[in-house]
Structures are given as C-alpha cells and as structure tokens.
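What follows is one structure encoded as structure tokens, with my remarks underneath.
The values are calculated or read from the model by the stated rules, or taken from the named source; none is laboratory data. Not measured: the values here are computed from a predicted model. Every residue, glycine as well, gets a Cβ built from its backbone with ideal geometry; the counts of neighbours run over all protein chains shown.
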Amino acid sequence: MYPALHSDVLNHLSSSLPITSLTFHPFDDATSSKKEYDTNIMGRFVCSNDSCTSTGWTSKKIAITIRLYPDDEYNARVYHQRCKKCNSLSRPFLDEESYAERIAYRIKKWYGVDVERPVYDETKRTKPHNRELCEGCKAGRCSFAE
Ligand SMILES: [Zn+2]
Ligand SMILES: [Zn+2]
C-alpha cells in the first residue's frame, strides 16, 4: 500500500464529496471493507534482486484493488510483479497521477458524485499482459486476467 499518496488522492477529489473528510485506512483488510473495485494503474519497476542484470520495466497494467471502509475510510492494495529475468517479486514506483486519478474517480462514484468516465489511451500500443509475472492475476484480482 502507498499511504504517502493519500494527499494526491485528496487533491483530485477537491471538495466534491458529500463528506467532511476522507481517511486512509491503514490496514490491508478485505473483511471489513464495504466496497471494493479492481482496476489498474501505471508505474515502473526496478528488480529487487541486486545481482539481476535487468534494467527494470514499466507497466501500464499494474493491478490494484481499491477498498472503501466504514467511517469514510479507503485504501488501495497495489499488486507487485515478477522480474522477467530472475522472477524476483518487485514493488513498483507508481505513476502518482494515474494512482490518484483512478482512486479519486472510484471514490466519487461510490459517493454518488457525477463523474465523466476518463479517457485512457492505454488499450492501444501496449504489450500483452504477462499473467505469469503479475501478482494481481495470481490473486484473481487483475482486470487483465482473461
Ligand atoms: Zn530480476
Ligand atoms: Zn495481471
């Protein structure tokens, strides 16, 4: 999880929500959540294995699960990916804009705020999704798993 990006999410929400404050739920907890939604964001990976020769990789298909909890709390679980070269599990550096935008959009939907569906150009020009390397696919949570 990336609690440090909470302020970016708030920036994207401005004052449009019908609640006084939105808080980041500090626990990655599926059982107490009221709602959840699987989607994907962009980011880049550096292999976590120091002896690996991989120069890292970017992904437009990082799986995340956004959750809403009681008392106006939310959080998002970001799934890691494995390195193509050495299979080490690596945590991404997120594209903060895509993270905040995607979460803010979902939260507005959940609170009944009118939103236009953002336009994403990611469907073209991207490489096929590698299910073997995606932890979201493994958890059955990836929107690219088909
Ligand atoms: Zn590697
Ligand atoms: Zn996947």
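Summary of computed values
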| read-out | value |
| --- | --- |
| Which listed residue is more than 16 Å from ligand 2 (Cβ to nearest atom) and either free of Cβ contacts under 8 Å to residues at least 12 places away in the same chain or among the hydrophobic types (A, V, I, L, M, F, W, C) (or both), from Ile41, Ile107 | Ile107 |
| Residues that are within 27 Å of Thr20 (Cβ to Cβ) and among the aliphatic types (A, V, I, L, M), drawn from region 42-77 | Ile64, Ile66, Leu68, Ala76 |
| Among residues of region 1-50, those that are assigned to a loop (DSSP other than H, G, I, E, B) and of a type in the set (Asp, Glu), counted | 3 |
| Among the candidates Lys138, Lys127, Lys61, Lys85, residue that is within 14 Å of ligand 2 (Cβ to nearest atom), in contact with a Cys (Cβ under 8 Å, 6 or more places away or on another chain) and of a type in the set (Lys, Arg) | Lys61 |
| Per-region count, region 88-101, residues part of a loop (DSSP other than H, G, I, E, B) and within 16 Å of ligand 2 (Cβ to nearest atom) | 2 |
| Residues of region 127-146 classified as part of a helix (DSSP H, G or I) and either away from ligand 1 (no atom under 16 Å from the Cβ) or not hydrophobic (A, V, I, L, M, F, W, C) (or both), total | 6 |
| Residues being hydroxyl-bearing (Ser, Thr, Tyr) and either without any contact (Cβ under 8 Å) to a residue 12 or more places away in the chain or crowded, with 20+ Cβ neighbours inside 10 Å (or both) - total across region 81-97 | 1 |
| Residues that are at pLDDT below 95 and in contact with a strand residue (DSSP E or B) (Cβ under 7 Å, 6 or more places away or on another chain), drawn from region 99-132 | Glu122, Thr126, His129 |
| Whichever residue in region 63-80 is among the hydrophobic types (A, V, I, L, M, F, W, C) and under 23 Å from Lys127 (Cα atoms) and, among such residues, is surrounded by the fewest Cβ atoms within 10 Å (Cβ to Cβ) | Val78 |
| Single unsatisfied condition, Lys60 versus (1) among the basic types (Lys, Arg); (2) surrounded by 21 or more Cβ atoms within 10 Å (Cβ to Cβ); (3) at pLDDT below 95 | (2) |
| Qualifying residues in region 67-86 (those that are part of a loop (DSSP other than H, G, I, E, B) and among the hydrophobic types (A, V, I, L, M, F, W, C)) - the one farthest from Lys109 (Cα to Cα) | Cys86 |
| In region 8-38, the residues that are over 16 Å from Gly112 (Cα atoms), of a type in the set (Ser, Thr, Tyr) and surrounded by 12 or more Cβ atoms within 10 Å (Cβ to Cβ) | Thr23, Ser33 |
